[in-house]
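Taking it in order: structure first as structure tokens, then the write-up.
The values are calculated or read from the model by the stated rules, or taken from the named source; none is laboratory data. A quick note: this is a predicted structure, and the numbers were derived from the prediction, not measured. Every residue, glycine among them, receives a Cβ derived from its backbone with ideal geometry; neighbour counts consider all protein chains shown. Quick note on the areas: whole protein, heavy atoms, side chains included, nothing else; ligands and nucleic acids left out. Shrake-Rupley method; radii C 1.70, N 1.55, O 1.52, S 1.80 Å.
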Amino acid sequence: MGTQEGERSWVDVANDLLSRCNVNLRLRKLSDCNADVFITLYENILGETVPDYIALACSQEDDVHNVQSVIDSLSLDYLQISLSHITGENVVRGDKESIKNLLEIFDGLLEYLNEEINEESQNGGTCIYIYKYYIFFHQLH
């Protein structure tokens, strides 16, 4: 029973992320968190297309490639930390720990960006926010 409750909370995290990104999709179980979900989260949160994205993914290998591209970009372009403990193959295979880890990264990233937006809107407007946003992403690159 604890496993079902733990999975439920991660499904709630995924659904909350999708809702905060204005994506009309609700997951029922953690294994519903497929390649399309992570590509959607990446593009909605970061406002960019996934690098090396295969748009017409027609095989499991294409899905693995796309999720690995998400992971690699987060690692190299934004977070500057190793995410070698998460692989596209494991996510696509439905490995719960890998899915949870990737959801946790997106949740933290969205929370950070929202805090920056809220702080700037309270402290002086959009020009400062745009400048800090620019600096933030260039520090990550």
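Structure notes:
- Residues that are in contact (Cβ under 8 Å) with a residue 24 or more places away in the chain and open to solvent by 50 Å² or more (accessible area, probe 1.4 Å) within the stretch 80-97 comprise Q80, E89, K96, listed in sequence order.
- Residue list for the stretch 10-43, restricted to those being open to solvent by 20 Å² or more (accessible area, probe 1.4 Å) and part of a helix (DSSP H, G or I): W10, D12, V13, N15, D16, S19, R20, S31, D32, D36, T40, E43
- When the residues of the stretch 98-121 are filtered to those that are open to solvent by less than 50 Å² (accessible area, probe 1.4 Å) and of a type in the set (G, A, S), the one that is modelled with the lowest pLDDT is G108.
- Conditions (1) over 17 Å from L113 (Cβ atoms); (2) of a type in the set (D, E); (3) under 12 Å from the mean Cα position of the chain (by Cα); number of the one not met by E43: (1)
- When residues of the stretch 44-62 are limited to those that are open to solvent by 50 Å² or more (accessible area, probe 1.4 Å) and among the charged types (D, E, K, R), the one modelled with the lowest pLDDT: E48
- Meets criteria (in contact with a Ser or Thr (Cβ under 9 Å, 6 or more places away or on another chain) and in contact (Cβ under 8 Å) with a residue 12 or more places away in the chain) for V13: no
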